[in-house]
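Only one structure is covered here, and it is reproduced in the block below.
The values are calculated or read from the model by the stated rules, or taken from the named source; none is laboratory data. Every value quoted in this text rests on a predicted model; they were computed, and no experiment measured them. Note that each Cβ is placed from the backbone with ideal geometry, even for glycine, and that neighbours are counted across all protein chains shown. Areas reflect the complete protein model, heavy atoms only, side chains present, ligands, DNA and RNA absent. Shrake-Rupley method; radii C 1.70, N 1.55, O 1.52, S 1.80 Å.
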Amino acid sequence: MGTTKVKVSSKEFLNGEFDISPTLKRFNQKNDVFSRSLWDDSIDPKKFYASYDIANYAPKKSKGFDHWDFAFRNASWHITDFVGERNFSKNGKVEGFTDYYATYTPSSPMKVELESEEETTNRVKLAAKMFGAGMVGICKIDERWVYSDNFSRKTQDSKKLDLPEGMKHAIMLIIPMDFELSKTYPAALSGAATGIGYTDGLTCANTLAQFITNLGYNAIASLNDTALNIPMAIEAGLGEYGRHGLLITPKYGPNIRIAKVFTDLPLKDDVPIKFGVKEFCTVCKRCAKSCPVKAIPFDKPQSKPPNFSSHTGITKWTINAEKCFKFWVGMNTDCAICIRVCPYNKDFSKWWHRIGIRFANSPFRKMVLSIDDIWRFGERVATAKWWKKGIKRLNN
Ligand code: SF4
Ligand code: SF4
């Protein structure tokens, strides 16, 4: 799809692209806005978390936020919550969000015979696709992206992160979210796109980790816990960084979740790709204009973030996580207007969108943006229409 592979190592590429300070400190998970909402009085989650438990939350009457919508969204999170919190009362872990997943089935005591790194990599990538990944890439574990500490939602303590020794690679998994559902953001119903994405990510990462342990190697499945997904996915050649602070992939745009597997299996690393996102974002700014709380920057990438919920020392577009989360709290559901309006959020199985993404990476990018505006891509779809259209598809 018109992507080019960079010619330097992943680390060199990131250092140059984001002017990363040599003194960059690893991020402490305690400072992400979700953790802060549990210990920092200035980030009040109000009924945000309670709304994920329908037994203790009364849905609203408004469209997109009614009983059907919350029931659907909460059901989409059910497996992720159930699996991730199965040991919460015992050990305080929230696997997939503050801690990586534990393995329950013993690994093979024998290591499989490996033909070559290339063949192993191809087999692992094939398995990842079979287990539900839309895209898969591999990078070395760059310690800078591993959290310094993880946070316990139970005790609200931080502790040094204990990624087992010997883990050399991360297999980065792109989990596409439902395109039609994402067009309905923001609504409680749309939150199901996120919930389904995490459930698919959980299945894919845990199944792949089990496959690798069955081969006699170590593997750990992870969602948003343990390490920062976006820089690792860039290193693994899966996409570029957008103004809205999200990964933009050439296959699904930003409409994705990311899961990963850490492993000591010898694998061949991928390299970052370019397809013109930075240049396009420089002229576009649609996410910044559309964000209801103006949490997305309009100006150039900066090295100083708006608050301590983001890294310092990396020159990039950084959203104001405090403003963003406050908006989520107001709605009692997540928002992804910035995903919905992004011109890269397209169904790239259609040839005309594949041509569009090529032109977006050319001097015609402003023209592509104007066409996108004229066709009103990115407009919100009413939740009632989503239900209706889905049922029609079902019956045809
Ligand atoms: S998720 Fe919503 S509130 Fe947050 S940055 Fe995106 S558009 Fe703004
Ligand atoms: S909406 Fe435009 S500026 Fe924002 S991330 Fe997408 S392409 Fe970049």
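Taking C-beta distances below 4.7 angstrom as the pairing criterion, name the unpartnered cysteines of the chain, in sequence order.
CYS139, CYS204, CYS281, CYS284, CYS291, CYS324, CYS335, CYS342
Test of understanding: what is the full-extension gain from SER62 to ASN91, defined as 0.36 nm times their sequence separation minus their Cα-Cα distance? Don't jump to the answer; show the numbers that get you there.
Values: separation 29, 0.36 × 29 = 10.44 nm, distance 3.88 nm.
The span from SER62 to ASN91 would gain 6.6 nm if fully extended.
Taking amide H atoms as placed 1.01 Å from N in the peptide plane, list the residues 5 or more away in sequence, or in a different chain, whose amide H sits under 5 Å from that of THR184.
Those lying under 5 Å, H to H, from THR184 are VAL381.
Grab the Cα-Cα distance for ASN395 and LYS140, subtract it from 0.36 nm times how many residues apart they are, and report the gain in nm with one decimal. Spell out each step's value before the answer.
Details: separation 255, 0.36 × 255 = 91.80 nm, distance 4.65 nm.
That works out to 87.2 nm of additional length.
How much length is gained if the chain between GLU118 and GLU279 is pulled fully straight, taking 0.36 nm per residue apart and subtracting their Cα-Cα distance, in nm to one decimal?
Working: separation 161, 0.36 × 161 = 57.96 nm, distance 3.33 nm.
Working it through step by step, the gained length comes to 54.6 nm.
Mind checking which of ILE79, SER51, GLN156 is farthest towards the positive end of the chain's charge dipole, using Cβ charges of +1 (Lys, Arg) and -1 (Asp, Glu) about the Cα centre?
SER51
Starting from the amide H of ILE138, placed 1.01 Å from N in the peptide plane, find each other amide H under 5 Å away whose residue is 5 or more places distant or on another chain.
Close amide H contacts, sequence-distant or interchain: MET172, ASP270.
How many nm separate the modelled label positions at THR155 and SER108, each set 7 Å beyond the Cα in the direction of the Cβ?
So the label points at THR155 and SER108 sit 3.8 nm apart.
Find the all-direction average of the projected area of the Cα convex hull for the range 261-396, expressing the result in square nanometres with one decimal place. Please list the in-between numbers first.
Values: hull surface 51.4 nm².
About 12.8 nm², averaged over all directions.
Test of the criteria: in the range 1-74, which trypsin sites (Lys or Arg not before Pro) are in a DSSP loop and have at most 11 other Cβ atoms within 10 angstrom of their Cβ?
Numbers: sites: LYS5, LYS7, LYS11, LYS25, ARG26, LYS30, ARG36, LYS46, LYS47, LYS60, LYS61, LYS63, ARG73; in loops: LYS7, LYS25, ARG26, LYS46, LYS47, LYS60, LYS61, LYS63.
Of the trypsin sites (Lys or Arg not before Pro), the ones in loops of the range 1-74 whose Cβ has at most 11 other Cβ atoms within 10 Å are LYS7, LYS25, LYS61.
Using a 1.4 Å probe, how large is the accessible area of SER303, given in Å² and rounded to the nearest 10?
60 Å²
Which values, in whole Å and largest first, are the semi-axes of the equivalent ellipsoid of the chain obtained as the square root of 5 times each eigenvalue of the Cα gyration tensor? Kindly include the intermediate steps, with their values, before the conclusion.
Working: eigenvalues 176, 143, 102 Å².
One finds semi-axes of 30, 27, 23 Å for the chain.
Around ARG257, which amide H atoms from residues at least 5 apart in sequence, or from another chain, sit under 5 Å from its own amide H, with H modelled in the peptide plane?
For ARG257, whose amide H was placed from the backbone, the distant partners under 5 Å are ILE175, MET177.
For a label point 7 Å from the Cα of ILE374 along Cα→C-beta, name the residues of the range 322-354 whose backbone N is under 17 Å from it.
352-353
Counting other Cβ atoms within 10 Å, which GluC sites (Glu not before Pro) in the range 157-262 have at most 10 and lie in a DSSP loop?
Working: sites: GLU165, GLU180, GLU235, GLU240; in loops: GLU165.
Taking the range 157-262 and a limit of 10 other Cβ atoms within 10 Å, the loop GluC sites (Glu not before Pro) found are GLU165.
With a 1.4 Å probe and all protein chains kept in place, how much accessible area does ASP149 have, in Å² rounded to the nearest 10?
The accessible area comes out at roughly 20 Å².
Label-point separation (nm) for ASP264 and THR315, each offset 7 Å from Cα along Cα-to-Cβ?
4.0 nm
What are the ³J(HN,Hα) values, in whole Hz, obtained from phi via the Karplus relation 6.51 cos²θ - 1.76 cosθ + 1.60 with θ = phi - 60°, for each residue of the range 321-327 in sequence order, with x given for Gly and Pro?
5, 5, 5, 4, 5, 4, 5
Using the C-alpha atoms of the range 321-396, what convex hull volume per residue, in cubic angstrom, is computed?
Numbers: hull volume 10.5 nm³, N = 76.
Considering the Cα atoms of the range 321-396, their hull volume per residue is 139 Å³.
Just to verify a number: FRET efficiency for ASN28 and VAL8, C-beta to C-beta distance, R0 = 30 Å, to 0.05?
Numbers: r = 29 Å, r/R0 = 0.98.
According to the calculation, E is roughly 0.55.
Return the tail of the calculated pair distribution for the range 79-135, meaning the percent of Cα-Cα pairs more than 20 Å apart.
Values: 840 of 1596 pairs.
Value for the range 79-135: 53 percent of Cα pairs lie more than 20 Å apart.
Could you give me the ³J(HN,Hα) list for the range 30-39, computed from phi with Karplus coefficients 6.51, -1.76, 1.60 and θ = phi - 60°, whole Hz, x at Gly and Pro?
Calculated HN-Hα couplings, in order: 4, 8, 6, 5, 6, 5, 4, 5, 9, 10 Hz.
Residue by residue through the range 385-396, which ³J(HN,Hα) values in whole Hz follow from phi under the Karplus form 6.51 cos²θ - 1.76 cosθ + 1.60 (θ = phi - 60°), with glycine and proline marked x?
In residue order, the calculated couplings are 5, 4, 4, 5, 5, x, 5, 5, 4, 4, 8, 9 Hz.
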